[in-house]
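Some notes on the structure that comes next.
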Amino acid sequence: MSAALAGRDILAVVPVKDFALAKQRLAGAFPPSFRRALARAMLRDVLVALRGAETIAGVVVVTADPEAGLLAGEYGARLLFEGTVRGLNPAVAQAGAYLAAERRSGMLVVPSDIPTVTSDEIGRLVAAHPAGRAVSVVPAHDGEGTNALVVSPPDALRFSFGPLSFPMHLANAREAQAALQVHELAQFPGLSCDIDRPDDLARLDSLPPGSHTWRLLAEQGMA
Ligand SMILES: Nc1nc2c(ncn2[C@@H]2O[C@H](COP(=O)(O)OP(=O)(O)OP(=O)(O)O)[C@@H](O)[C@H]2O)c(=O)[nH]1
Ligand SMILES: O=C(O)[C@H](O)COP(=O)(O)O
């Protein structure tokens with residue numbers, strides 16, 4: 001089923017922090033050069049997965065980093081340059097307002113640090129999104145964070161990414177009077193593996209050999 005056939009156009013939005021500032025929680029274990037390379041490789045893998053997903057009508061990267069913007073272009077994603085109010089939640093809200101102004105029916109928010117996500121998972125998540133005013137949520141593996149959100153219309157939800165974002169997004173969806181779909185982690189194993197802490201890198205055994213992140217880890221003797 002294509003997005004057009006479903007009668008709605010849901011675009012993916014990938015927020016990307018400056019590569020130079022990425023992955024601070026890995027700073028105790030890895031030098032800045034590795035963290036930057038990891039952030040780039042993970043973004044590439046996420047963009048590959050999104051490019052292969054049939055249920056989305058396009059991809060938007062929202063960032064203040066010109067290098068991330070160039071990389072977005074390599075994968076056919078549109079660049080939305082982050083406004084003066086920096087931060088993950090303002091960036092996602094900016095993208096939501098932008099897509100709402102274009103009268104798009106919805107927005108899928110996927111972070112750039114989930115290199116195990118697959119096109120199939122993206123396809124299923126968007127296809128399962130309820131019609132009308134609705135929010136779909138995939139929690140992070142810790143059960144506290146949010147690894148993916150689908151929101152329709154794109155500006156329907158207040159975003160609360162950060163600590164305990166999963167319960168906060170459930171509350172925000174209720175406040176927005178949106179239908180709520182919460183997915184089981186087991187249905188989306190790739191999507192539920194975000195890389196925040198050194199231990200998370202050990203869970204990357206599901207990375208397909210040849211992916212950008214897998215190659216980087218292999219170069220470091222970690223894959
Ligand atoms: N556009 C934008 N994206 C952000 C910002 N902060 C985080 N992100 C993105 O949001 C997603 C989740 O990021 P975080 O886990 O909060 O940050 P991180 O850089 O991955 O890791 P830490 O520095 O350890 O928190 C990733 O795709 C980040 O690139 C921001 O200020 N602006
Ligand atoms: O789970 C979340 O809300 C996002 O991954 C951002 O949260 P974090 O900054 O704790 O990773």
Give Leu191, Leu180, Leu164, Leu216 a once-over and let me know the one that is within 14 Å of Ala140 (Cβ to Cβ), among the hydrophobic types (A, V, I, L, M, F, W, C) and at pLDDT 95 or above.
Leu164
Mind telling me which of the residues Leu80, Leu88, Leu70, Leu99 ends up being farther than 27 Å from Pro189 by Cβ and either in contact with a Phe, Trp or Tyr (Cβ under 8 Å, 6 or more places away or on another chain) or acidic (Asp, Glu) (or both)?
Leu80
Kindly indicate whether Arg124 is basic (Lys, Arg), in contact with a helix residue (DSSP H, G or I) (Cβ under 8 Å, 6 or more places away or on another chain) and not in a helix (DSSP H, G or I).
no
Count of the stretch 174-209 residues which are in contact with an Asp or Glu (Cβ under 6 Å, 6 or more places away or on another chain) and among the acidic types (Asp, Glu):
1
Residues being within 16 Å of ligand 2 (Cβ to nearest atom), part of a helix (DSSP H, G or I) and of a type in the set (Gly, Ala, Ser): count how many of those fall in the stretch 14-45.
1
Take the stretch 22-55 and flag every residue that is charged (D, E, K, R) and closer than 26 Å to Pro163 by Cβ.
Lys23, Arg25, Arg35, Arg36, Arg40, Asp45
Of the criteria (1) within 11 Å of ligand 1 (Cβ to nearest atom); (2) assigned to a strand (DSSP E or B), which one Pro90 fails
(2)
So, in the stretch 66-87, of the ones that are within 8 Å of ligand 1 (Cβ to nearest atom) and of a type in the set (D, E, K, R), which residue ends up nearest to Phe161 (Cα to Cα)?
Arg86
Any chance the stretch 162-185 includes a residue that's touching a residue at least 40 places away in the same chain (Cβ under 8 Å) and among the hydroxyl-bearing types (Ser, Thr, Tyr)?
no
Among the residues of the stretch 151-183, the number that are assigned to a loop (DSSP other than H, G, I, E, B) and within 14 Å of ligand 2 (Cβ to nearest atom) is 8
Would you be able to say whether some residue in the stretch 67-77 is touching a residue at least 60 places away in the same chain (Cβ under 8 Å) and within 16 Å of ligand 2 (Cβ to nearest atom)?
no
Select from the stretch 98-112 the residues that are of a type in the set (A, V, I, L, M, F, W, C) and surrounded by fewer than 21 Cβ atoms within 10 Å (Cβ to Cβ) and write down the one among them that is nearest to Ala127 (Cα to Cα).
Ala100
Within the stretch 170-202, residues of a type in the set (D, E, K, R) and under 18 Å from the mean Cα position of the chain (by Cα) come out as Glu184, Asp194, Asp196, Arg197, Asp200
Which pairs have Cβ atoms under 6 Å, sit 6 or more apart or on different chains, and link a residue in the stretch 111-136 that is under 17 Å from Asp155 (Cβ atoms) to one that is assigned to a loop (DSSP other than H, G, I, E, B)?
Arg133/Ala156; Arg133/Ala178; Ala134/Ala178; Val135/Leu157; Val135/Ala178; Ser136/His129
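The values are calculated or read from the model by the stated rules, or taken from the named source; none is laboratory data. Keep in mind the model is a prediction, meaning the values are calculated, not measured. Cβ atoms come from the backbone with ideal geometry, glycine included; neighbour counts cover every protein chain shown.
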